[in-house]
Amino acid sequence: MGDLTKNFNASEFGCKCGCGYCSPSFKLVSSLQELREEAGVAITIVSGCRCTQHNKNSGSTILGLAVNLKKGNPGDISASAHTRGEAADIRVGGLSKGKLYDLIVAMHKAKKLPWLKYVYKIKNSATNVHVGVDDFKKRATPYGGDG
């Protein structure tokens with residue numbers, strides 16, 4: 001049993017640098033629980049919440065857009081949906097990133113993931129996809145393909 005949902009614990013979403021930052025949004029966790037129930041197997045949170053320093057070190061920055069997107073503090077160039085707990089990089093055992101991506105898109109189209117705003121396949125990974133519930137305007141559609 002999880003402490004956030006039936007299957008997810010807060011510790012799964014914590015910043016991987018060890019700083020203790022962990023503040024996943026309700027919409028993100030709820031969306032991932034729906035995906036977990038549909039897939040019928042565990043979901044691994046590869047990267048959930050990130051402190052701004054870890055986000056910067058990971059190379060996931062939205063240079064110049066952080067203030068416009070209201071992500072992080074004004075002037076914080078290392079802000080992203082991860083720093084707000086609104087995104088996660090995930091994988092599902094036994095599924096390629098293409099199959100996982102297709103499952104998420106199908107669920108979204110069937111209105112089973114109402115808070116999902118976008119999903120894309122992570123380029124340098126055979127298994128991971130990125131999902132977000134924030135209003136990141138860069139992606140005009142909920143389906144980003146390869147990120």
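The values are calculated or read from the model by the stated rules, or taken from the named source; none is laboratory data. Computed from a predicted structure; not experimentally measured. In this analysis, Cβ positions are derived from the backbone assuming ideal geometry, glycine residues included, and neighbour counts consider all displayed protein chains.
Looking only at residues of segment 103-134 that are surrounded by fewer than 18 Cβ atoms within 10 Å (Cβ to Cβ) and small (Gly, Ala, Ser), we find that the one that is nearest to the chain's Cα centre (by Cα) is 125.
The set of residues in segment 33-42 being outside any loop (DSSP other than H, G, I, E, B) and in contact with a helix residue (DSSP H, G or I) (Cβ under 9 Å, 6 or more places away or on another chain) consists of 34, 35, 38, 39. Among the criteria (1) in contact with a helix residue (DSSP H, G or I) (Cβ under 7 Å, 6 or more places away or on another chain); (2) part of a loop (DSSP other than H, G, I, E, B), the one residue 23 does not fulfil is (1). Being surrounded by fewer than 22 Cβ atoms within 10 Å (Cβ to Cβ) and at pLDDT 95 or above is a property that does not hold for residue 138.
Would it be correct to say that residue 30 is modelled with pLDDT of 95 or more, in contact with a Ser or Thr (Cβ under 8 Å, 6 or more places away or on another chain) and not aliphatic (A, V, I, L, M)? Can you show your working first?
Details: modelled with pLDDT of 95 or more: yes; in contact with a Ser or Thr (Cβ under 8 Å, 6 or more places away or on another chain): yes; not aliphatic (A, V, I, L, M): yes.
Yes: the conditions hold for residue 30.
Can you name the residue in segment 21-55 that is β-branched (Val, Ile, Thr) and under 26 Å from residue 94 (Cβ atoms) and is also surrounded by the most Cβ atoms within 10 Å (Cβ to Cβ) among such residues? Quick ask: steps written out before the conclusion?
Filtering segment 21-55 for residues β-branched (Val, Ile, Thr) gives 29, 41, 43-46, 52.
Remaining after also requiring under 26 Å from residue 94 (Cβ atoms): 29, 41, 43-46.
On the way: 29: 24, 41: 10, 43: 21, 44: 13, 45: 21, 46: 17.
Looking at the filtered set, the residue picked out is 29.
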